[in-house]
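Have a look at the structure below, then the notes.
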Amino acid sequence: MNKKEYIEKLEKALSGLPRSDVEERLAFYEEMIDDRIEEGMSEEEAVAGAGDIDSIVSQTIADVPLTRIIKENTSGDRRLKWWEIALLILGFPLWFPLLIAAGAVLLSIYIVIWALIISLWAIEVSLWACALGGLVIAVIYFASGKTFAGIALLGAALLCAGLSIFMFFACIGASKGILRLTKKAASKFKALFIRKGKSK
């Protein structure tokens with residue numbers, strides 16, 4: 001694919017986003033390709049190294065605020081007909097509570113997921129506290145001549161320390177996974193407001 005085809009495909013894929021953001025991305029990738037060609041790459045190599053168009057679109061959607069996307073795609077190019085307005089008004093007692101309920105359910109699920117992540121981190125902190133407390137008490141038991149109790153506490157403290165190491169990586173992985181999921185969900189939600197093929 002040459003530069004012209006790449007830029008045209010990128011522009012088409014970005015349609016529906018605010019024009020200023022589209023032009024900014026197009027200028028950035030045109031300049032990137034030109035720089036690579038000046039460095040000695042062929043046009044096809046420079047285009048191949050510019051990145052996947054779908055990834056660029058996803059990143060752009062993630063970067064553009066939802067309010068700007070809605071404003072771009074709801075500009076007054078189409079007015080509601082009288083019967084559409086009447087249906088919206090008459091159906092309000094039905095669709096508005098359903099919309100609120102759906103939003104509340106989604107928010108509740110999101111809060112529950114983060115509550116689970118916070119619980120995992122609380123377990124992690126508890127394991128470290130048990131490990132440190134066990135070590136301190138084991139030293140006290142050794143000092144007072146209670147060797148067997150000290151050995152048992154030392155073993156429990158080392159077990160808690162080992163578990164806390166594994167738990168730390170599990171907490172990090174779960175937190176990163178939820179953040180990625182949140183970012184993808186936000187991008188999908190924003191994409192609902194983008195009308196493809198809309199250009200100014």
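The values are calculated or read from the model by the stated rules, or taken from the named source; none is laboratory data. All of these numbers come straight from a predicted model, not from anything done at the bench. Because the Cβ atoms are built from the backbone with ideal geometry, glycine has one as well, and the counts that use them run over all protein chains shown.
Can you name every residue in segment 156-200 that is at pLDDT below 85 and of a type in the set (S, T, N, Q)?
Ser187, Ser199
Quick check on Leu153: is it at pLDDT below 95, part of a helix (DSSP H, G or I) and either within 42 Å of the chain's Cα centre (by Cα) or under 30 Å from Ala115 (Cα atoms) (or both)? Break it down into steps so the answer makes sense when it comes.
Details: at pLDDT below 95: yes; part of a helix (DSSP H, G or I): yes; either within 42 Å of the chain's Cα centre (by Cα) or under 30 Å from Ala115 (Cα atoms) (or both): no.
No.
How many residues does segment 15-36 hold that are out of contact with any helix residue (DSSP H, G or I) (no Cβ under 7 Å at 6 or more places or on another chain) and assigned to a helix (DSSP H, G or I)? Show your work before the answer.
Step one: filter segment 15-36 for residues out of contact with any helix residue (DSSP H, G or I) (no Cβ under 7 Å at 6 or more places or on another chain), giving 15, 19-20, 23-24, 27-28, 31-32, 34-35.
Subsequent filtering for residues that are assigned to a helix (DSSP H, G or I) retains 19-20, 23-24, 27-28, 31-32, 34-35.
Qualifying residue count, segment 15-36: 10.
From Ile178, Ile194, Ile109, which residue is in contact (Cβ under 8 Å) with a residue 60 or more places away in the chain, within 19 Å of the chain's Cα centre (by Cα) and assigned to a helix (DSSP H, G or I)?
Working: Ile194 fails: assigned to a helix (DSSP H, G or I); Ile109 fails: in contact (Cβ under 8 Å) with a residue 60 or more places away in the chain.
Ile178 is the lone residue from the list that is in contact (Cβ under 8 Å) with a residue 60 or more places away in the chain, within 19 Å of the chain's Cα centre (by Cα) and assigned to a helix (DSSP H, G or I).
Confirm whether Ile85 is over 30 Å from Thr182 (Cβ atoms) and not assigned by TED's automatic domain parsing to the domain that holds Thr182. First the steps, then the outcome.
Working: over 30 Å from Thr182 (Cβ atoms): yes; not assigned by TED's automatic domain parsing to the domain that holds Thr182: yes.
So Ile85 passes the test.
Assess whether Arg68 counts as being closer than 30 Å to Arg19 by Cβ, surrounded by 11 or more Cβ atoms within 10 Å (Cβ to Cβ), under 34 Å from the mean Cα position of the chain (by Cα) and modelled with pLDDT under 90. Break it down stepwise before answering.
Numbers: closer than 30 Å to Arg19 by Cβ: yes; surrounded by 11 or more Cβ atoms within 10 Å (Cβ to Cβ): yes; under 34 Å from the mean Cα position of the chain (by Cα): yes; modelled with pLDDT under 90: yes.
Taking the combined requirement at face value, the residue satisfies it.
Going residue by residue through segment 2-13, is there one that turns out to be among the polar types (S, T, N, Q), surrounded by 11 or more Cβ atoms within 10 Å (Cβ to Cβ) and closer than 30 Å to Leu181 by Cβ?
Our first condition is that a residue be among the polar types (S, T, N, Q); within segment 2-13, this holds for 2.
Going one step further and asking which of them are surrounded by 11 or more Cβ atoms within 10 Å (Cβ to Cβ), we end up with 2.
Okay, now just the ones that are also closer than 30 Å to Leu181 by Cβ, so none.
Checked against the condition, which is being among the polar types (S, T, N, Q), surrounded by 11 or more Cβ atoms within 10 Å (Cβ to Cβ) and closer than 30 Å to Leu181 by Cβ, segment 2-13 yields no hits at all.
I'd like to check something: does segment 40-60 contain any residue that is acidic (Asp, Glu) and touching a Phe, Trp or Tyr at 6+ places or on another chain (Cβ under 9 Å)? Give the steps one after another, and end with the answer.
Keep residues of segment 40-60 that are acidic (Asp, Glu), which gives 43-45, 52, 54.
Among the residues that remain, those that are also touching a Phe, Trp or Tyr at 6+ places or on another chain (Cβ under 9 Å) are: none.
Among the residues of segment 40-60, not one is acidic (Asp, Glu) and touching a Phe, Trp or Tyr at 6+ places or on another chain (Cβ under 9 Å), which makes the answer no.
Looking at this structure, is Phe169 among the aromatic types (Phe, Trp, Tyr) and either touching a Leu at 6+ places or on another chain (Cβ under 7 Å) or closer than 30 Å to Arg68 by Cα (or both)?
no
Restricting segment 14-41 to residues that are touching a residue at least 40 places away in the same chain (Cβ under 8 Å) and of a type in the set (Gly, Ala, Ser), which is surrounded by the fewest Cβ atoms within 10 Å (Cβ to Cβ)? Talk me through it step by step, then tell me what you get.
Let us first name the residues in segment 14-41 that are touching a residue at least 40 places away in the same chain (Cβ under 8 Å), namely 14-19, 21.
Those left that are additionally of a type in the set (Gly, Ala, Ser): 15-16.
Numbers: Ser15: 16, Gly16: 18.
Checked segment 14-41; the qualifying residue surrounded by the fewest Cβ atoms within 10 Å (Cβ to Cβ) is Ser15.
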